[in-house]
Each structure stands twice: as C-alpha cells, then as structure tokens.
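Asks: There's a structure below that I have some questions on.
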Protein chains: 2
Amino acid sequence: MSITVVGSIALDSVKTPFGEAKEALGGSALYFSSAASFFTPVSLVGVIGEDFPRGDIDFLAKRGVDLSGLETAKGQTFRWAGSYEYDMNEAKTHATHLNVFETFHPKLSEAHQQAEFLFLGNIHPALQREVIGKVAKPLAIGCDTMNFWIQGSREELLKTIRLVDIMFINDTEARMLAGVPNLVKAARAIREMGPKILVIKKGEHGAMLFSGQTVFSVPAFPLEDVFDPTGAGDSFAGGFMGYLASKGDLNDRVLRRAMIYGSVMASFNVEKFSMERLKTLTKDEIEQRFKEFKKLSHYEELEA
Amino acid sequence: MSITVVGSIALDSVKTPFGEAKEALGGSALYFSSAASFFTPVSLVGVIGEDFPRGDIDFLAKRGVDLSGLETAKGQTFRWAGSYEYDMNEAKTHATHLNVFETFHPKLSEAHQQAEFLFLGNIHPALQREVIGKVAKPLAIGCDTMNFWIQGSREELLKTIRLVDIMFINDTEARMLAGVPNLVKAARAIREMGPKILVIKKGEHGAMLFSGQTVFSVPAFPLEDVFDPTGAGDSFAGGFMGYLASKGDLNDRVLRRAMIYGSVMASFNVEKFSMERLKTLTKDEIEQRFKEFKKLSHYEELEA
C-alpha cells in the first residue's frame, strides 16, 4: 500500500563534534520518504524555493518516490542551522528561516488523497490538520511533533492528535506533552488524547511501542560513531510506516517488526551527515542489520 | 555454586517525590545478597555497629544467607542520607557517615575464601583488592564502583579493575572512567582495562552486556511507579551473579539470561522503599516477570 508524506524540505547547516555540513538536504519529508521508499511506494508533498538544488534529490525519484507533489514557490527554501554537543541527544538551534514554508498550504492530488497511509512530518499542527481533512479514507495516519508546538501551540496540537492513529514523539517531549515524569504514565495519558498506537523515541536508548496491551522496547543499534543525528526520528518513522504500509496491517507482530525496521533506518541515518548514508543504502544492508537486531535483544531458553 | 559478597551495610535515610524512609536497611551487600539469595547460596561479609537492628535482617537468614561474616564493631553503623528528584536517575547525597566502616577490613573465613563466585560491592577499590587477595580460586569476580572512586581514587580503581572478570557500572560512570562520550567506545576501553565481561546499567533505559563479540541490550521493566531507586544496581548485580552461580557457567546464553534476571530483580527493588519489596518477594513472582520480559523485547518472523 502507498504512503503520502507531508512535511518540511530544508537545507540544513549542521555542526557536530565530528564535522559539519552546509546547506545539505534535510527536513522531515525528505528523511521520511527516503527511508520509507525501501519498503513501499511513497508520494512526497512539500514546498521548495527557486534556489533548491533539484538534482540533489534525483536519488529519490530513482527509488520510485513520487515527486509530483513537490511545489516550487517564489523565494528561498526553508533553512535550519544547528549543532550538537558530544552527547548528541539534543540539537541546539542557531537559526530557522521558514522562507517559502511560511505561506505553504499543502496541495494533495487525487492520487495523494487516496493513499492508504498518511504521515504528517513535524510542521505546524494546524497545517497537519488541514492535510488530514483532505485525505479520503486512510488506513492509518501517523504524526510527529516537537517541543516547539507542544509549548507554543498546545491547543492546536491536541486537536490534531485527536485525529491521529500513530503518534511519534521523543521521551522528553512525551513527558512535556503529558505533564508527568514517568514514561509509562505519560504514554497512557498521550494515548488517551487520541493515538491508539504510540512510539516514544529515546535516541541512543532506543524506542518504545505502546499499542493495545503491548509494551515493546527496542534498543538502539550500538554504533561507535554517530556523525549526525539530524533526521534520525524521521528515518525511524519512515522505516516504521513504510514497513506497515508494505504489509497493509497493524497487528502486533507487524508493529513489533516495524519498530525494528524503524530502528534500523535511524541507525543508518546517523552514520553520515545529512542524507549521505540513506542515499547509498541498499535493501540487503537493511535486512542484514535487521537480523543483527535479533542478536542484540533476544535470549533463549536453556536446554534442560 | 556459592557466592561471597563483600560490601557496605547501611542505615539509609531516603527522600523521593513519593515519600521517605528513615534509617532503613541499605548498603550494597544487603541489596546484593537479598537478590542473589533467590538463586544460589550466599555468604555476606561486612560490618555493622552496635546500634544495628539485627532483627531486621532475619529475613536474610531465613532465605539461607550465611551471616557468619557479619562483624559487629564498636560504634555506629554506616549511614547514608540522600534524595531523588522526579527523574529518579541520580541520587543527591545529603550526608555520609562512615562510622564503623571507616576502619573496616574484611575477614574471610575458610568457607568464604572457597566461594566460586565473589562480588565486590561499591567500597574503596583498595579494600576490594584486599578481598581479591584473600579468595582462593574463584570462577568469576564481579565488581561494582561509583563516580566517587573514579574521580578520587582512579589509580587504585584501575589496579582493582585489572583483577576483575565482570564489571558493573552505570552509563555516566562508564563515560567518566573511559573518558569518551560514546558508550560502545567506552565499553571497549573499559574491557581493555581488565574485565572480560562488562555490564553497563542505564536506569530506566535498561542495561547492556558486552562479552566476547556479544552486545546484548535489555530494556528496563516498564513501571508506572518507581518509589525508590536506591539499591537497584546492587539488586541487578545480585540477580545477575546469583543466576550465573546457580548455573556455574559464563556462556553466552547464560549471560543473556542473567541480564534478564538482573533486570527483574532491579525492577522489583524500586517498587517500594528500602528492601521492603525484596523482603516479601517470591520465586514465583520472579519467574513470572522473567516471562514478561520476553513479551517486552522479542519479535517473531511472520508467516509467509
């Protein structure tokens, strides 16, 4: 089944202790669609400025991503600049220039509206709701958000969350949104706001799935070198939603495996700056790492 | 096989957002032996003052813990006072009174010296080394430590670590000891200091095992109420070492299961103040939670 993703497309300038990237590909929609495209057909809806280096996303078209929803507007592409310290857990934002993103209203073609899966990248919650109103009858709507909207647009966000099936959020934001420090309690509170399925991302500590009576915990893949965590959350969501769409199902076994594929995609994402690793990644590498996750988290009964 | 544990025995005064305990049972040796006693015979070596409420540890004797190495010295029992904020990740120490612990030199009987497994609770590394010199031919020596010794007695600690087979340390301390922020690199550096097997404890984020080529990651059991994290690390070590000793083996499958038993014991430990939960715990409850860990971390192949 197919996914439509609506989100940001950016030129990111990122500095980490291991180097820096200037005006490199970024934004939730690009990371998500790149990761999801390994699993299922993806349509990307977003806006770029006249200055955007179109050739740089040829690799997405080659991977079958439908770019017909990529609107070019008069002006400059959305830009973000930030840096990470050694712990790599939180980005420090140096500059955000919305540019063409400021007046963006997503246009969904007939085909985009019919997608079985919808993913709303981290954009203004009112804009996310606008998109939800345009899709016909999706099997599942996934949604990401961030502290900025939780603190600044809480009421709008709550209205959007009510309509969402699968919520992606990091642990700090989950505590902030729910207003309780305990993560299990926070998960319950957020699920009472709407989403039946909740994924809490914990960076280097992995991720947790809450669905029905299930609590499922996945470790992060142990990496010696994390070069740039930018986009890891969107790559996770791309692997997760992409796998769900490929199965067209939300049962417990599929959801658990989706968590692993999400973790696999996030782990590749952070190995290089920007989308460099996702560009060269192969399906074989993905399946190989999927298998390695089993060694990382499974244990066996002993023989008697 | 049997374990000898040498460590602190304390009267702890602890305050958390959920209440407080005054002069309650504490110390690495008590937590460890209580947890390990569910799996294997344990001998406790430590010192108490004349004021220690002996009756309060009758439950250990009933569980078969050999208390012949419990020395009563003139003076007051070791006391610690601390508090935790909502995040429960780090204790704030308000007071430490070593009292009888200040001049303590562990005396190991013939039987203690013959134990196949030795655990060195978090005490001065020179004292830990003194104990190592007294044991005959242990199959494995486990050791815990803390930031206080890493910062204040680094050279002594390094000399001790060199002699240790299994090191238990939390993630912050691992980074501090190794001097690198990346946990996989820190693990490698610490294993090069001596211990073939390394367990990194991450509190609410679970724990990681490094052994041979194995990296194994265990989530923490998701609890809605964590009343008092004091002793969780020692209960983890008790479950881990206790299970190893019960199997008399350090192979990969046994080690992985030991990680789960460690996590199980730590998760019970934090459900009530001091050792209240460990006192009433049963083997059935332990096995039940062990099974629940599987649901928390395992995923299956899909049918074709």
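The values are calculated or read from the model by the stated rules, or taken from the named source; none is laboratory data. None of these values were measured; they are calculated from a predicted model. Please note: Cβ atoms are built from the backbone with ideal geometry, for glycine as well, and neighbour counts cover all protein chains shown.
Asks: Please find, within the range B:229-254, the residue that is nearest to B:Ala10 (Cα to Cα) out of those that are touching a Lys or Arg at 6+ places or on another chain (Cβ under 7 Å) and buried (at least 24 other Cβ atoms within 10 Å of the Cβ).
Replies: Selected residue: B:Gly233.
Asks: Now for a separate question. Could you count how many residues in the range B:126-145 are aliphatic (A, V, I, L, M), touching a Phe, Trp or Tyr at 6+ places or on another chain (Cβ under 7 Å), under 17 Å from B:Leu44 (Cα atoms) and assigned to a loop (DSSP other than H, G, I, E, B)?
Replies: Going through the range B:126-145 one residue at a time, the tally reaches 0.
Asks: Name the single residue, out of those in the range A:87-114 being assigned to a helix (DSSP H, G or I) and of a type in the set (Asp, Glu), that is surrounded by the fewest Cβ atoms within 10 Å (Cβ to Cβ).
Replies: A:Glu110
Asks: Turning to a different aspect of this structure: Given the options B:Glu204, B:Glu192, name the one that is among the acidic types (Asp, Glu), over 15 Å from the mean Cα position of the chain (by Cα) and more than 30 Å from B:Lys272 (Cα to Cα).
Replies: B:Glu192
Asks: Can you find even one residue in the range A:258-266 that is surrounded by 19 or more Cβ atoms within 10 Å (Cβ to Cβ), in contact with a helix residue (DSSP H, G or I) (Cβ under 7 Å, 6 or more places away or on another chain), polar (S, T, N, Q) and away from chain B (no Cβ under 14 Å)?
Replies: no
Asks: Determine if the range A:115-122 includes at least one residue that is surrounded by fewer than 18 Cβ atoms within 10 Å (Cβ to Cβ), assigned to a loop (DSSP other than H, G, I, E, B) and at pLDDT 95 or above.
Replies: No: zero hits.
Asks: Something else: Can you go through A:Ala178, A:Ala174, A:Ala186 and tell me which one is farther than 24 Å from B:Lys294 by Cα, surrounded by 22 or more Cβ atoms within 10 Å (Cβ to Cβ) and of a type in the set (Gly, Ala, Ser)?
Replies: After applying the criteria, what remains is A:Ala174.
Asks: Another question about this same structure. On the basis of being touching a Pro at 6+ places or on another chain (Cβ under 6 Å) and within 27 Å of B:Gly203 (Cβ to Cβ), does A:Val215 make the cut?
Replies: So A:Val215 passes the test.
Asks: Give the range A:240-256 a look and list any residue that's within 22 Å of A:Ala115 (Cα to Cα) and outside any loop (DSSP other than H, G, I, E, B), or say none.
Replies: A:Phe240, A:Met241, A:Gly242, A:Tyr243, A:Leu244, A:Ala245, A:Ser246, A:Lys247, A:Val254, A:Leu255 - these are the residues of the range A:240-256 that are within 22 Å of A:Ala115 (Cα to Cα) and outside any loop (DSSP other than H, G, I, E, B).
Asks: Okay, moving on. Would the range A:270-285 turn up any residue that is within 13 Å of A:Gly233 (Cα to Cα), under 16 Å from the mean Cα position of the chain (by Cα) and without any contact (Cβ under 8 Å) to a residue 40 or more places away in the chain?
Replies: no
Asks: What are the residues in the range A:245-274 that are touching a Phe, Trp or Tyr at 6+ places or on another chain (Cβ under 7 Å) and hydrophobic (A, V, I, L, M, F, W, C), if any?
Replies: Correct list: A:Ala245, A:Ala258, A:Met259, A:Ile260, A:Val264, A:Met265, A:Ala266, A:Val270, A:Phe273.
Asks: State yes or no: is B:Lys137 basic (Lys, Arg), more than 20 Å from B:Val264 (Cβ to Cβ) and at pLDDT below 95?
Replies: For B:Lys137, the condition - basic (Lys, Arg), more than 20 Å from B:Val264 (Cβ to Cβ) and at pLDDT below 95 - is met.
Asks: Need the failing condition index for A:Phe227 against (1) farther than 21 Å from A:Val6 by Cβ; (2) in contact (Cβ under 8 Å) with a residue 60 or more places away in the chain; (3) in contact with a helix residue (DSSP H, G or I) (Cβ under 8 Å, 6 or more places away or on another chain), just the number.
Replies: Checking A:Phe227 against (1) farther than 21 Å from A:Val6 by Cβ; (2) in contact (Cβ under 8 Å) with a residue 60 or more places away in the chain; (3) in contact with a helix residue (DSSP H, G or I) (Cβ under 8 Å, 6 or more places away or on another chain), the one that fails is (3).
Asks: Which one is farthest from the other protein chains (Cβ to nearest Cβ), of the residues in the range B:267-304 that are small (Gly, Ala, Ser) and assigned to a loop (DSSP other than H, G, I, E, B)?
Replies: Filtering first and then ranking leaves B:Ser274.
Asks: Only one of (1) buried (at least 20 other Cβ atoms within 10 Å of the Cβ); (2) under 24 Å from A:Val218 (Cβ atoms); (3) touching a residue at least 40 places away in the same chain (Cβ under 8 Å) is not met by B:Pro222, so which one is it?
Replies: The number of the failed condition is (1).
Asks: If you go through the range A:164-176 one residue at a time, how many are more than 18 Å from the chain's Cα centre (by Cα) and touching a residue at least 12 places away in the same chain (Cβ under 8 Å)?
Replies: 1
Asks: Being in contact with a Ser or Thr (Cβ under 9 Å, 6 or more places away or on another chain) and polar (S, T, N, Q) is the filter here, so list the residues in the range A:246-266 that pass it.
Replies: A:Ser246 - this is the single residue of the range A:246-266 that is in contact with a Ser or Thr (Cβ under 9 Å, 6 or more places away or on another chain) and polar (S, T, N, Q).
Asks: Looking at the range A:110-168 only, could you name the residues that are among the β-branched types (Val, Ile, Thr) and within 26 Å of A:Trp80 (Cβ to Cβ)?
Replies: Listed by number, the residues that qualify are A:Ile123, A:Val131, A:Ile132, A:Ile141, A:Thr145, A:Ile150, A:Thr160, A:Ile161, A:Val164, A:Ile166.
Asks: Turning to a different aspect of this structure: Which ranges mark the strands (runs of 3 or more DSSP E) fully within the range A:148-239 that have 1 or more residues being over 24 Å from A:Leu44 (Cβ atoms) and within 12 Å of another protein chain (Cβ to nearest Cβ)?
Replies: Result: A:197-201, A:207-211, A:214-218.
Asks: Which of the residues belonging to the range B:115-154 are touching a Pro at 6+ places or on another chain (Cβ under 9 Å) and more than 16 Å from B:Ile169 (Cβ to Cβ)?
Replies: B:Ala115, B:Glu116, B:Phe117, B:Leu118, B:Leu127, B:Glu130, B:Val131, B:Ile132, B:Lys134
Asks: Is it the case that some residue within the range A:233-244 is farther than 21 Å from A:Phe39 by Cα and either of a type outside the set (Lys, Arg) or in contact (Cβ under 8 Å) with a residue 40 or more places away in the chain (or both)?
Replies: The answer is no, given that none of the residues of the range A:233-244 is farther than 21 Å from A:Phe39 by Cα and either of a type outside the set (Lys, Arg) or in contact (Cβ under 8 Å) with a residue 40 or more places away in the chain (or both).
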